[in-house]
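S.K.: Take this structure, written in structure tokens, and hold onto it; I'll ask about it next.
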Amino acid sequence: MQKTAGVRLIIGYKLVKAVAQVVLAAFVFYGAAHGLRASLADFAHELQHHATNALTIKISAALARLFSVRGSLWRIGGALAGDGVFSAFEGWALHRGYRWAPWVVVIATASLIPFEVVAIVHHRRAGRFVLLAINLAIVAYLAWRARREHIERQLQANSRPWRGSALSGSA
């Protein structure tokens with residue numbers, strides 16, 4: 001795949017996202033190893049008792065439930081690290097120009113869209129709409145580019161004389 005401005009932008013997005021997630025995962029793992037879960041649970045309970053805004057109360061209750069579970073930070077860190085590594089792989093594959101790379105990004109990104117839609121239905125937030133729009137744009141653009149380049153390769157292959165034929169002088 002040629003590296004158009006759109007593809008370069010997606011590569012940059014994937015690699016910046018990967019670095020940010022891996023760095024955040026390292027902080028979460030460090031915190032998990034040094035008792036951060038208990039401190040976060042205490043903070044969430046205190047926030048829940050002192051909050052006056054309904055949204056803050058809901059968020060603090062959710063955080064209190066999350067951080068009351070043993071091993072929750074390890075799971076969060078693992079999810080961040082795994083997604084970061086996969087995002088790095090997607091960016092690297094696009095950068096290298098592998099023919100299958102756009103389809104890996106399309107399938108991985110499109111597979112999460114139903115979950116994003118469900119999240120939007122339950123909690124309408126501007127950030128969720130922005131994330132959904134970005135992911136839809138990535139899926140549409142890469143699918144369109146990959147399909148167009150596939151058709152161009154087929155047209156080029158069909159326009160070349162067949163090698164090894166009696167007409168080409170090869171035996």
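Nothing in this text is a laboratory measurement; each read-out follows from the coordinates by a stated rule. Keep in mind that this is a model prediction, so the values were computed, not measured. Cβ sites come from the backbone with ideal geometry, for glycine too, and all protein chains shown count toward neighbours.
S.K.: Taking all pairs of different Cα atoms in segment 1-98, averaging 1/r and flipping that mean, what Kirkwood radius in angstroms comes out? Provide the component values of the computation, followed by the final result.
M.R.: Details: mean 1/r = 0.0651 Å⁻¹.
About 15.4 Å, per the Kirkwood formula over Cα pairs.
S.K.: OK, next. Return 63, 9 ranked ascending by Cβ neighbour count within 10 Å, so the fewest neighbours appear first. Walk me through the intermediate numbers first.
M.R.: On the way: 63 17, 9 13.
Exposure proxy ranking, most exposed first: 9, 63.
S.K.: Express in % the proportion of alpha carbon pairs of the chain at distances exceeding 18 Å. Please list the in-between numbers first.
M.R.: On the way: 10557 of 14535 pairs.
The answer is 73 percent, as a whole percent.
S.K.: Can you work out the FRET efficiency for the pair residue 39 and residue 158, with r the C-beta to C-beta distance and R0 = 45 Å, to the nearest 0.05?
M.R.: It comes out at approximately 0.10.
S.K.: From the phi of every residue in segment 109-115, what ³J(HN,Hα) in whole Hz does the Karplus formula 6.51 cos²θ - 1.76 cosθ + 1.60 yield, where θ is phi - 60° and glycine or proline is x?
M.R.: 6, 5, 5, 8, 4, x, 5
S.K.: For the chain, what is the mean residue ellipticity at 222 nm derived from helices alone (per DSSP H run of n ≥ 4: -39500 (n - 2.57); sum divided by total residues; nearest 500 deg cm²/dmol)?
M.R.: -28500 deg cm²/dmol
S.K.: Something else about it: What's the longest bit of the chain with no exposed trypsin sites (Lys or Arg not before Pro), using DSSP loop states and at most 13 other Cβ atoms within 10 Å as the test? Walk me through the numbers on the way to the answer.
M.R.: Values: sites that count: 3, 70, 99, 124, 125, 163.
The reported range is 4-69.
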